[in-house]
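Here's the structure, in structure tokens; my notes come after.
The values are calculated or read from the model by the stated rules, or taken from the named source; none is laboratory data. All values derive from a computational prediction rather than experimental measurement. Here the Cβ is made from the backbone with ideal geometry for all residues, glycine too, and neighbour counts use every protein chain on show.
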Amino acid sequence: MDVVPVATWEEFQTLVDDLYGAREVWKGASRLSAPNVSTLLFRGHGDSRWKLETTLERDAPQWQRVLDYHEAISACKYQIETLTDRVWDLPGRQEFRERVAAGDHASLQLVLGLGLAGYEYLVYLRHHGFPSPLLDWSASPYIAAFFAFRQPPPSALHVAIYAYVERLGGPKMAEEGVPAIDGCGPSVRSHRRHVLQQCEYTVCTVYRNSEWTYICHEDAFGKSTEAQDMVRKFVLPVSERLKVLGLLDRYNLNAFSLFGGEDSLMHTVSVREILRKWR
């Protein structure tokens, strides 16, 4: 993972433009063999000291084994369906066990994320606060910046905005004992926030000791190569916060436009009032 200190918002914008330019170069270089360059994804943290970790890692580490997590969400499924009047497709326990038992990464992808049965259910759980192995990203660097600067903790001196590219031209490689990140793609029916925030998701797994386990994304980023899993961490001073929130609000990018609801409206109008007196 490359850590890039950034002094100002304007410098960050220039670096992001450079990334988009580099992506076009990667696409051109790969076009003759395999036009396989992933979309740039972004994620914002209100404190640069925070790790890239999922809510599953933070809130329910006892479910790190893939089979244990599937058992947990299967057990909850009927309660949730009863109380929401919704129905989700999820592989049965025996089917799931059979498809992941051999340690085949392609089989795991089918049940975890890439055109997966159950992906819609996993995204629903993630959006509504259930511990999740999915790490959420946005296709917009400006939405990621909003989340970084929205409400940093009082002790934070810097925020972080991550930029990630899964594939830079070739096929995605995975091997036993090495953490692997899989992008799950944007095509899933979910909460309206999924569309408003241009969400995409990644999941990180490792096959070790004859079983699949969810693992920290940073473990995989530490083993990234020139062909896959490129990540950059831009570190910006918190002192840029009001300037950035004001600029984003000019494009109607604020809590209300990204979340809706009265709580988000209160955050938006309060920030506008603060900005009005700050300028």
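For D47, the criteria (1) surrounded by 15 or more Cβ atoms within 10 Å (Cβ to Cβ); (2) assigned to a helix (DSSP H, G or I); (3) at pLDDT 95 or above hold in every case but one, which is (2).
Given the structure, is R192 among the basic types (K, R) and within 26 Å of E53 (Cα to Cα)? Yes; evaluated as a whole, the condition is true for this residue. Within region 251-279, residues that are closer than 12 Å to R150 by Cβ reach partners that are modelled with pLDDT of 90 or more and not in a helix (DSSP H, G or I) with beta carbons closer than 9 Å, at six or more positions or on different chains, in the pairs L253/S140; S264/N254; H267/Q151; H267/N254; T268/N254; V271/N254. Exactly one of (1) in contact with a strand residue (DSSP E or B) (Cβ under 9 Å, 6 or more places away or on another chain); (2) modelled with pLDDT of 80 or more; (3) closer than 25 Å to E120 by Cα is unmet by S190. Its number? Result: S190 passes all but (2). The number of residues in region 2-38 that are modelled with pLDDT under 90, surrounded by fewer than 16 Cβ atoms within 10 Å (Cβ to Cβ) and not in a helix (DSSP H, G or I) comes to 6.
Among the residues making up region 98-156, those that are part of a helix (DSSP H, G or I), of a type in the set (F, W, Y) and modelled with pLDDT under 95 are Y119, Y121, Y124. When residues of region 125-146 are filtered for being out of contact with any Asp or Glu (no Cβ under 8 Å at 6 or more places or on another chain), more than 20 Å from Q64 (Cβ to Cβ) and surrounded by 20 or more Cβ atoms within 10 Å (Cβ to Cβ), how many remain? So the count comes out to 5.
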